[in-house]
Structures are given as C-alpha cells and as structure tokens.
Amino acid sequence: MSVSTVSIKDRTAVVTGAGSARGIGRATAHALAAAGWNVAILDLDEAGAKDAANDVAERHGVQAVGVGCDITDDASVDTALAVVADTVPPVGALVNNAGITSPVPFLEVTGEEWERIFAVNIRGSFNVTRRLAPGMAERGFGRIVFLSSVSAERGGGVFGGVAYSAAKAGQLGFARALARELGPHGVTVNSVAPGLIDTDITAGKLVGEREKQVLAGVPVGRKGRVADVADLITYLCRAESGYITGATYDVNGGAHIH
C-alpha cells in the first residue's frame, strides 16, 4: 500500500492512558484528531476516557470513543478493543502511552512493586500491541509509538527509580525489535523519551530551590509541555513518516544529550 492510498481520515488512532485532563495522552489524542485521525481512548478511568473522547469529537469533528480498560488484564483488553472495532474505523496507529512511575530506591523495592511497574509499562503495552499489530500488518499500514522516558536512557530521573527505568528501557528494546519485524508490512515502530513534562504526575512535586536546580540543567530553561510531546507523536504517526522506524526521539529540552 502506497502512502498516497492511505487516508488517516479512514483510520483510527488508539491512545492508551489518555483519561487524565493534563496528561500527555489526552494532548496526543487532541493532536492526532486535529491531524485528521479518528481516536479511541483506553483508560483505567472509564469516566475520564469517555470525557476525553467526547471532548476530542466535539473539538475536532472526528469519530472518537472512550473505553474503560485495564491494559494489564487480557479479558479487559479484549472487551475494550471489541468496542473499538464496532464503533470506529480500522486501527492505523497505536500510542502506548499508559504507564506508571515509581520513585522507590532499589534497596527498598519489593517484588510486588517491581511487578506492578512492569505489569503496566511492559505487559500492558504487549497486551494491546499484540492484538492490534496483526490487523495493521494485514492492511499494510500502521504506526506504533511507545512512550518511554529519559530515565531509561540516563539511568533514573527526577521521579523514576530503578524499576521504572528498567521497564521504560524494556520498551525501547520492544520497539526496536518490533520495528524490524513489522517494517516489511508497512508498519513503523518508534519511541519517544520525554524528560520533565508539566503534567498531573509532576504537579506540585518540584518546587522552590529543587525546581531551580533541576531547570538549571535544562538548556532551554523550562519544563516540557504536553504539546511538545504530542506534536512529535503525531508527526511519527503521519502516513508520510513511513521511512522512520526503530528510532528513539528525545523530548527533554537538552537535559540529556547523547
């Protein structure tokens, strides 16, 4: 299938974890819709998912559906994606945005905490991707984007400990290997690694002198905005971006340059 025959207006972008009003996921859903994609939002918070979908549909005039979904649970993912399949056009893009962080130091981390972080960030991404990738490959077009983190690249961050860094690094390997397998089928797979972004997760946790110290290490001199990340994800999901795959894009204001 050539780029010229692909119309994203006839495709749906699935965004996981887009229920939060100030999160990267919801900003991405809006950016994708503004570019013409129909949007499906999966979130543990069903009310948040439906609210986000209604907002997207009203603002951009595309089809949108919000579904409650626990991405760590196979049955929940099956049920949610069945609703998506019955409601909106075929899936052409997947943004694996849902994730959780953990600041617990390694010497204090429990097995349960380790499993909890990997369940959402790794198993959850696997659960959704393995169900949607076959359809993309069959149709000859697909865009998959993983939301990793600067913590995976530099080894920890302002908020992420070892468990989080390890899980987000696992996503990078997942994406790179998947890019090799799916490339021949017209499906690209890339990762975005945000640094410090102003969301509900970081709100109020970095203030005063500590905030000044952190921002002193950011060449552009500010926290990232959700739009900084959402716009890049939308670029990677374009039909025209089909020669970009297996790449990791840093969005950190220069805080980590490598």
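The values are calculated or read from the model by the stated rules, or taken from the named source; none is laboratory data. Bear in mind the structure is a predicted one, so any value in this text is a computation, not a measurement. Cβ coordinates were reconstructed from backbone atoms using ideal geometry, including for glycine residues, and neighbour counts include every protein chain displayed.
Residue check: Pro219 meets all listed conditions (1) over 26 Å from Val104 (Cα atoms); (2) at pLDDT 95 or above but one, namely (2). Close contacts from the stretch 56-79, counting a first residue that is buried (at least 21 other Cβ atoms within 10 Å of the Cβ) and a second that is assigned to a helix (DSSP H, G or I) and charged (D, E, K, R), with Cβ to Cβ under 6 Å and a gap of 6+ residues or different chains, come to Gly66/Lys50.
Checking each residue in the stretch 97-144 for being farther than 30 Å from Pro184 by Cα and either touching a residue at least 12 places away in the same chain (Cβ under 8 Å) or touching a Phe, Trp or Tyr at 6+ places or on another chain (Cβ under 9 Å) (or both) picks out Ile100, Thr101, Ser102, Pro103, Val104, Pro105, Phe106, Val109, Glu113, Trp114, Arg116, Ile117.
When each of Gly111, Gly99 is tested for being surrounded by fewer than 20 Cβ atoms within 10 Å (Cβ to Cβ) and not charged (D, E, K, R), the lone residue that passes is Gly111.
For Leu147, the stated conditions hold: it is within 23 Å of Ile244 (Cβ to Cβ) and crowded, with 24+ Cβ neighbours inside 10 Å.
Of the listed requirements (1) touching an Asp or Glu at 6+ places or on another chain (Cβ under 7 Å); (2) in contact (Cβ under 8 Å) with a residue 60 or more places away in the chain, Lys223 misses just one: (2). Annotation note: Cβ proximity below 8 Å between a residue of the stretch 12-25 that is closer than 10 Å to Ala98 by Cα and a residue that is hydroxyl-bearing (Ser, Thr, Tyr) and in a strand (DSSP E or B) (sequence gap 6+ or interchain) occurs for Gly25/Thr16. Criterion applied to Arg238, Arg154, Arg222 was being over 20 Å from the mean Cα position of the chain (by Cα) and among the basic types (Lys, Arg), and the one residue passing it is Arg222.
What are the residues in the stretch 222-237 that are surrounded by fewer than 18 Cβ atoms within 10 Å (Cβ to Cβ) and either over 23 Å from Gly36 (Cβ atoms) or not aromatic (Phe, Trp, Tyr) (or both), if any? Of everything in the stretch 222-237, those that are surrounded by fewer than 18 Cβ atoms within 10 Å (Cβ to Cβ) and either over 23 Å from Gly36 (Cβ atoms) or not aromatic (Phe, Trp, Tyr) (or both) turn out to be Arg222, Arg225, Ala227, Asp231.
So that you can scan it fast, the table gives a plain yes or no per residue for (1) closer than 18 Å to Ile41 by Cβ; (2) outside any strand (DSSP E or B); (3) at pLDDT 95 or above; (4) touching a strand residue (DSSP E or B) at 6+ places or on another chain (Cβ under 7 Å):
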| site | (1), (2), (3), (4) |
| --- | --- |
| Ala85 | yes, yes, yes, no |
| Val95 | yes, no, yes, yes |
| Ser102 | no, yes, no, no |
| Arg116 | no, yes, yes, no |
| Ser125 | yes, yes, yes, yes |
| Glu138 | no, yes, yes, no |
| Gly156 | no, yes, no, no |
| Ala175 | no, yes, yes, yes |
| Leu182 | no, yes, yes, yes |
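The residues of the stretch 226-258 that are aliphatic (A, V, I, L, M) and without any contact (Cβ under 8 Å) to a residue 40 or more places away in the chain amount to a single one, Ile257.
Give the residue, chosen from Ala64, Ala49, that is within 14 Å of Ala98 (Cβ to Cβ), of a type outside the set (Lys, Arg) and at pLDDT 95 or above. After applying the criteria, what remains is Ala49.
Every test in (1) over 17 Å from Pro103 (Cα atoms); (2) surrounded by 16 or more Cβ atoms within 10 Å (Cβ to Cβ) is passed by Asp198 save one, and that test is (2).
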